[in-house]
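Enquirer: First the structure, which I've put down as structure tokens, then a few questions once you've had a look.
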Amino acid sequence: MAGELASPAAPPRIARGSSRRAAALRLLRRRLIQAVPLMLGVVVINFVLIQLAPGSFLELMTAENQVSDPATIELLRKTYGLDDPVWLQLVKYIWALMQFDFGFSYRQNRPVIDAISDHLPATLLLMISSITLALAVGVSAGVVASVKVRTFWDSLVSVAAMFFFAAPGFWLGIMLIVLFSVKLGWLPVGGMMTIGDRSGAAGGVLDILHHLILPTLALGLFYAAIYTRVMRSSMLEVAQLDFVRTARAKGLSRNQVTISHVLRNALLPVVTILGVQMGTVLAGSVVIESVFSWPGVGSLLFDSVSSRNYPVVLGIMVLGSLVVIAANIAVDLVYMWLDPRIEIR
Amino acid sequence: MVDRNRVTRRVFGAGVLATGLVGGAASGFAQGTPRRGGTLVATWGGGEPQACYVPAGGGSSPTFSSSKLFERLGNRAMDGQFQGELAESWKPAADFKSYIIKIRKGVKFHDGKDMTVDDVVYSISEIWKKYSAASALTDFTGVEAPDADTVVMTFSKPVPEFFFSSLLCGSVNYIVPKHVYAGSDPVTNPANNAPIATGPWKFKEWVRGSHFEYVKNENYWRKDMPYMDRLIIRYVRDPAGRAAAMEAGDIHIGVFNPVAPPDIKRLTATGKFVATPKGYEESVWSTTLECSMRNPVFAKREVRQAMFHAIDRNFLAKTIYYGYARPGTSPIYSPNKEFYTTDTFSTAFDPKKAAALLDAAGYPKKADGKRFAINLLAAGWFTENGKIGAYVKQALEDVGVAVNLSVPDRPTSIKRIYTDYDFDMAISNQANPSEPVPSTTQYFTTDGIKKGVPFRNANGYSNPEVDALVEKIKVETDPAKRKALVFQFQKIITTEAPLLPILELESITVASTRVQNHSNDPNYLAASWYDIWLAS
């Protein structure tokens with residue numbers, strides 16, 4: 001995965017031309033093979049952890065439906081396969097997963113994949129927009145801070161980064177709502193689109209983007225703060241290296257050196273962190289979705305955990321893990337593209 | 001026959017609920033000529049339901065979403081009178097063992113089919129008896145339709161008229177379309193997520209995680225109703241988010257404590273919102289404290305009484321609920337004008353008395369200052385329960401009772417209290433209508449002990465005197481005698497103290513001043529909102 005670099009002691013192997021493509025394919029194949037036991041581990045661990053939690057969806061369901069007849073409860077237990085030993089339930093679940101069957105949510109009376117599909121696009125949209133914002137702001141601010149090191153601009157960027165790093169997401173979200181929605185009335189308070197909006201496809205997209213601004217800021221600025229700090233220190237470190245000095249000696253302008261040589265190499269730690277943080281971005285979206293009533297997987301996960309809706313919880317965990325694994329593979333490939341000297345093991 | 005005059009005379013007597021409800025009219029009552037059209041956006045103080053309609057009720061959230069679509073045979077007005085909804089009237093036989101219900105004519109389901117007596121018979125026998133009113137219909141023997149306008153319900157024992165009227169008005173005792181539900185499992189019928197019913201609003205869309213969209217039922221049997229074109233039920237998980245959405249004008253009305261108490265004061269101070277406790281008289285919530293009879297310590301009544309004497313309920317109401325609660329004094333709550341009495345045994349705050357009772361019961365303080373230790377479970381479905389638990393722990397420790405407090409989440413609380421009976425004392429909640437049988441009495445009767453069934457008798461209290469008294473209350477058809485029996489029930493329970501409400505919670509509706517005709521039903525969360533409108 002991202003960050004597993006060749007040892008600094010070993011001479012870097014530089015892949016060229018078609019061999020780079022072959023190396024990328026090798027990497028992809030290796031990562032996909034590694035993903036299988038990883039996914040299996042995710043499924044087993046989550047399944048066991050959920051089994052350890054007190055209370056079950058059957059108890060909650062019979063409670064909500066005021067079912068007291070032991071025979072009915074036993075029938076429901078059999079219907080839902082809860083009378084099987086835990087290991088058999090796990091084997092059945094894994095077997096079903098291999099056939100892309102995520103199970104059935106008896107609480108919602110619909111297949112798990114349908115329940116998640118209703119919510120996943122909203123979460124992916126929020127994640128992608130937040131990461132894009134974080135990268136754009138973090139990289140830009142980090143570059144500015146490093147170029148203007150020990151100036152007012154450097155201090156301003158550092159203070160802002162510290163603030164957004166320290167501010168809890170839910171608090172920042174509420175403050176953004178108070179300022180931009182309640183006081184100024186510029187942006188919607190929450191939701192993903194205007195209810196009953198009939199403005200057509202183009203209008204609908206604009207409407208969603210309008211609703212996306214505040215949750216993206218609330219989620220993305222925390223990560224932007226991290227990327228700013230990492231980018232700044234990375235830029236300063238790379239700027240001291242010999243090849244930069246050589247580039248300057250060859251007469252390249254300061255901007256050319258910064259953009260073409262320093263920036264590209266300084267991006268590597270940011271890309272590493274990006275891969276590692278994909279899971280935390282997904283987790284962070286749970287809180288932000290709650291604040292902004294964003295109809296994503298976070299709200300579904302919250303409800304499902306609260307109601308012990310295990311099939312949905314497991315489904316979200318599995319799909320979430322897939323998203324994180326896919327993102328990490330993409331990060332590895334970006335890594336290779338950024339620095340051809342590096343072959344990720 | 002239940003028409004407005006007769007019910008007032010027979011069941012309620014003079015005054016009833018009118019005093020104090022209509023008198024201090026909420027600003028939600030209509031002002032001026034109703035304005036037609038527009039969209040009303042509503043929310044409530046909880047999350048999205050598991051299904052739009054749950055035959056057994058399923059909690060407040062599906063009740064809120066389904067009650068705008070479905071209707072009941074009867075309804076209870078703010079003045080306490082029962083009135084027909086899908087029934088035009090009902091009357092008991094001379095022996096009170098059967099009731100004749102006249103069904104309203106000209107009512108159509110949302111799919112255009114006529115509502116008939118077959119739908120009523122199916123709903124009572126297949127939905128009410130099996131799901132929504134199973135615990136109330138223990139003496140039910142059958143239902144039939146002798147003609148196209150009449151349904152007859154029969155019982156093995158006399159059924160009081162107040163009980164029967166309350167049953168017809170039960171919050172989820174809906175009339176469902178037989179042609180949609182017959183031959184299916186009602187619990188898993190897909191129509192539960194896109195209901196077809198008779199109510200003023202027709203289901204249009206459910207955007208999961210966001211909202212329900214309902215549109216006006218053009219064929220609604222109440223002429224020219226509803227006033228508005230669309231009703232949106234929007235779900236906002238975070239109370240602060242709800243407050244912001246209301247302030248920004250995105251949500252017009254929120255029922256059942258939509259925002260935190262400080263935000264209620266802030267919003268109403270703007271003059272653009274009103275907050276009212278009206279509309280919850282038939283679903284009063286309480287915070288209860290109960291002592292498990294399975295722990296020998298609580299076998300002595302004096303010990304149970306001491307636990308309640310140790311707790312300052314006024315302090316809890318003021319500090320934890322910001323004044324939106326009042327001390328509980330009886331298992332029947334104070335807004336219940338039919339059955340509430342102040343003539344009960346008082347376990348008011350008196351730590352010295354608590355200590356004396358514990359001494360007398362044979363539990364003096366030991367060398368370490370403790371008398372005995374208990375496990376206190378505060379059900380974590382309301383945040384406030386945890387805070388109350390922290391206070392109760394301190395209060396009991398002040399009188400020498402060591403307390404191990406736990407605040408598990410909802411599923412764990414339900415399991416530990418109602419399935420595993422894993423507590424010595426438990427802080428929980430109830431919401432009860434005016435009719436005490438069975439919703440209130442099942443917390444105290446022996447037949448209320450049903451392992452695994454929540455919101456019943458979990459503490460194991462069993463008293464033949466109480467069981468016999470409740471059986472009398474169930475079948476006493478004379479309103480005055482029945483009232484006296486319920487008073488007697490309250491006296492015994494407050495003295496015995498196996499479970500008592502320590503707080504009666506004041507639920508609040510917050511609405512924009514533009515919203516008219518709101519909070520005009522004693523169970524407003526479960527009302528159909530057919531007459532609500534939005535001023536310009």
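Enquirer: Kindly state which helices (runs of 4 or more DSSP H) lie completely within region B:239-320 and contain at least 2 residues that are within 25 Å of the chain's Cα centre (by Cα) and under 30 Å from A:F170 (Cβ atoms). Full working, then the answer.
Expert: Numbers: elements: B:239-247, B:261-269, B:301-309, B:313-319.
Those helices (runs of 4 or more DSSP H) span B:239-247, B:261-269, B:313-319.
Enquirer: Of B:T319, B:T276, B:T270, which residue is farther than 20 Å from B:T509 by Cβ and either of a type in the set (S, T, Y) or in contact (Cβ under 8 Å) with a residue 40 or more places away in the chain (or both)?
Expert: On the way: B:T276 fails: farther than 20 Å from B:T509 by Cβ; B:T270 fails: farther than 20 Å from B:T509 by Cβ.
Exactly one residue qualifies, and that residue is B:T319.
Enquirer: Report yes if B:D420 is without any contact (Cβ under 8 Å) to a residue 24 or more places away in the chain, farther than 24 Å from B:N457 by Cα and assigned by TED's automatic domain parsing to the domain that holds B:M293, otherwise no.
Expert: In short, no.
Enquirer: Has region A:229-250 got any residue that is among the aromatic types (F, W, Y) and closer than 13 Å to A:V139 by Cα? Quick ask: steps written out before the conclusion?
Expert: Just the residues of region A:229-250 that are among the aromatic types (F, W, Y), to begin with: A:243.
From what is left, the residues that are closer than 13 Å to A:V139 by Cα are none.
No.
Enquirer: So, one more: Residues in region B:30-49 that are more than 13 Å from B:R242 (Cβ to Cβ) and within 11 Å of chain A (Cβ to nearest Cβ): how many?
Expert: Within region B:30-49, the subset more than 13 Å from B:R242 (Cβ to Cβ) is B:30-40, B:48-49.
Now drop any that are not within 11 Å of chain A (Cβ to nearest Cβ), which leaves B:39, B:48-49.
Number of matching residues: 3.
Enquirer: Another question, if that's okay. Starting from residues that are among the aromatic types (F, W, Y), in a loop (DSSP other than H, G, I, E, B) and surrounded by 15 or more Cβ atoms within 10 Å (Cβ to Cβ), keep the ones in region A:73-105 and report whichever is modelled with the lowest pLDDT. Steps first, please.
Expert: First pass over region A:73-105, keeping only residues among the aromatic types (F, W, Y): A:80, A:87, A:93, A:95, A:100, A:102, A:104.
Right, trim to in a loop (DSSP other than H, G, I, E, B) and you get A:80, A:100, A:102.
Filter once more, so that each one left must be surrounded by 15 or more Cβ atoms within 10 Å (Cβ to Cβ): A:80, A:102.
Values: A:Y80: 75, A:F102: 90.
My answer is A:Y80.
Enquirer: Please pick out the residue among A:V291, A:V287, A:V297, A:V313 that is surrounded by fewer than 21 Cβ atoms within 10 Å (Cβ to Cβ), modelled with pLDDT of 85 or more and within 14 Å of chain B (Cβ to nearest Cβ).
Expert: On the way: A:V291 fails: surrounded by fewer than 21 Cβ atoms within 10 Å (Cβ to Cβ); A:V297 fails: surrounded by fewer than 21 Cβ atoms within 10 Å (Cβ to Cβ); A:V313 fails: surrounded by fewer than 21 Cβ atoms within 10 Å (Cβ to Cβ).
Residue meeting the stated conditions: A:V287.
Enquirer: Quick check on my filter: what residues within region A:53-72 are at pLDDT below 75, closer than 20 Å to B:A51 by Cβ and not small (G, A, S)?
Expert: Within region A:53-72, A:T62, A:E64, A:N65, A:Q66, A:V67, A:T72 qualify.
Enquirer: What single numbered condition from (1) buried (at least 19 other Cβ atoms within 10 Å of the Cβ); (2) among the hydroxyl-bearing types (S, T, Y); (3) within 14 Å of chain A (Cβ to nearest Cβ) fails to hold for B:T383?
Expert: Here B:T383 meets the rest and fails (1).
Enquirer: Return a yes/no flag: does region B:369-384 have any residue that is assigned by TED's automatic domain parsing to the domain that holds B:I311 and assigned to a helix (DSSP H, G or I).
Expert: Let us first name the residues in region B:369-384 that are assigned by TED's automatic domain parsing to the domain that holds B:I311, namely B:369-384.
When the remaining residues are screened for being assigned to a helix (DSSP H, G or I), the result is B:383-384.
Yes, region B:369-384 contains a residue that is assigned by TED's automatic domain parsing to the domain that holds B:I311 and assigned to a helix (DSSP H, G or I).
Enquirer: Mind checking which helices (runs of 4 or more DSSP H) fall wholly inside region A:263-339 and carry at least 2 residues that are among the aliphatic types (A, V, I, L, M) and within 14 Å of the chain's Cα centre (by Cα)? First the steps, then the outcome.
Expert: On the way: elements: A:264-292, A:297-306, A:310-338.
Of the helices (runs of 4 or more DSSP H) lying wholly inside region A:263-339, those with at least 2 residues that are among the aliphatic types (A, V, I, L, M) and within 14 Å of the chain's Cα centre (by Cα) span A:264-292, A:310-338.
Enquirer: Six or more apart or on different chains, Cβ under 8 Å: which pairs go from a residue in region B:200-221 that's within 29 Å of A:D303 (Cα to Cα) to one that's among the acidic types (D, E) and part of a loop (DSSP other than H, G, I, E, B)? Could you list them?
Expert: Within 8 Å, the pairs are B:R208/B:E48; B:G209/B:E48; B:V215/B:D229.
Enquirer: Would you pick out the residues in region B:29-75 that are in a strand (DSSP E or B) and either of a type in the set (G, A, S) or out of contact with any helix residue (DSSP H, G or I) (no Cβ under 8 Å at 6 or more places or on another chain) (or both)?
Expert: Let us first name the residues in region B:29-75 that are in a strand (DSSP E or B), namely B:39-44, B:72, B:74-75.
Of everything in region B:29-75, those that are in a strand (DSSP E or B) and either of a type in the set (G, A, S) or out of contact with any helix residue (DSSP H, G or I) (no Cβ under 8 Å at 6 or more places or on another chain) (or both) turn out to be B:T39, B:L40, B:V41, B:A42, B:G74, B:N75.
Enquirer: Restricting to region B:411-464, and then to whatever is in a loop (DSSP other than H, G, I, E, B) and β-branched (V, I, T), can you tell me which residue is nearest to the other protein chains (Cβ to nearest Cβ)?
Expert: So, considering only residues that are in a loop (DSSP other than H, G, I, E, B) and β-branched (V, I, T), the one nearest to the other protein chains (Cβ to nearest Cβ) is B:V453.
Enquirer: Right, something else. Taking region B:93-104 as the search range and keeping residues that are surrounded by fewer than 21 Cβ atoms within 10 Å (Cβ to Cβ) and either modelled with pLDDT under 95 or part of a strand (DSSP E or B) (or both), which one is nearest to the other protein chains (Cβ to nearest Cβ)? Don't jump to the end; show me each part of the working.
Expert: Filtering region B:93-104 for residues surrounded by fewer than 21 Cβ atoms within 10 Å (Cβ to Cβ) gives B:93-98, B:100, B:102, B:104.
Subsequent filtering for residues that are either modelled with pLDDT under 95 or part of a strand (DSSP E or B) (or both) retains B:98, B:100, B:102.
Working: B:S98: 25, B:I100: 28, B:K102: 29 Å.
Per the stated criteria, the residue is B:S98.
Enquirer: Given the conditions (1) surrounded by 24 or more Cβ atoms within 10 Å (Cβ to Cβ); (2) farther than 23 Å from B:T383 by Cα; (3) away from chain A (no Cβ under 14 Å), report the number of the one that B:E290 does not fulfil.
Expert: The one condition B:E290 does not meet is (2).
Enquirer: Is it true that B:F212 is within 14 Å of another protein chain (Cβ to nearest Cβ), of a type in the set (F, W, Y) and outside any loop (DSSP other than H, G, I, E, B)? So that I can check it myself, show each step before the final result.
Expert: On the way: within 14 Å of another protein chain (Cβ to nearest Cβ): yes; of a type in the set (F, W, Y): yes; outside any loop (DSSP other than H, G, I, E, B): yes.
Considered against the rule, which asks whether it is within 14 Å of another protein chain (Cβ to nearest Cβ), of a type in the set (F, W, Y) and outside any loop (DSSP other than H, G, I, E, B), B:F212 comes out as yes.
Enquirer: Would you point out which residue out of B:I492, B:I473, B:I502 is part of a helix (DSSP H, G or I) and in contact with a Lys or Arg (Cβ under 8 Å, 6 or more places away or on another chain)?
Expert: Details: B:I492 fails: in contact with a Lys or Arg (Cβ under 8 Å, 6 or more places away or on another chain); B:I502 fails: part of a helix (DSSP H, G or I).
Of B:I492, B:I473, B:I502, the one residue that is part of a helix (DSSP H, G or I) and in contact with a Lys or Arg (Cβ under 8 Å, 6 or more places away or on another chain) is B:I473.
Enquirer: Go through B:T33, B:T63, B:T39 for me and flag whichever is out of contact with any strand residue (DSSP E or B) (no Cβ under 9 Å at 6 or more places or on another chain), within 19 Å of B:W201 (Cβ to Cβ) and surrounded by fewer than 24 Cβ atoms within 10 Å (Cβ to Cβ). Walk me through it before giving the result.
Expert: Details: B:T33 fails: within 19 Å of B:W201 (Cβ to Cβ); B:T39 fails: out of contact with any strand residue (DSSP E or B) (no Cβ under 9 Å at 6 or more places or on another chain).
After ruling out the rest, the residue left standing is B:T63.
The values are calculated or read from the model by the stated rules, or taken from the named source; none is laboratory data. Keep in mind the model is a prediction, meaning the values are calculated, not measured. A quick note on method: Cβ atoms are made from the backbone with ideal geometry, for glycine too, and the neighbour counts reach across all protein chains shown.
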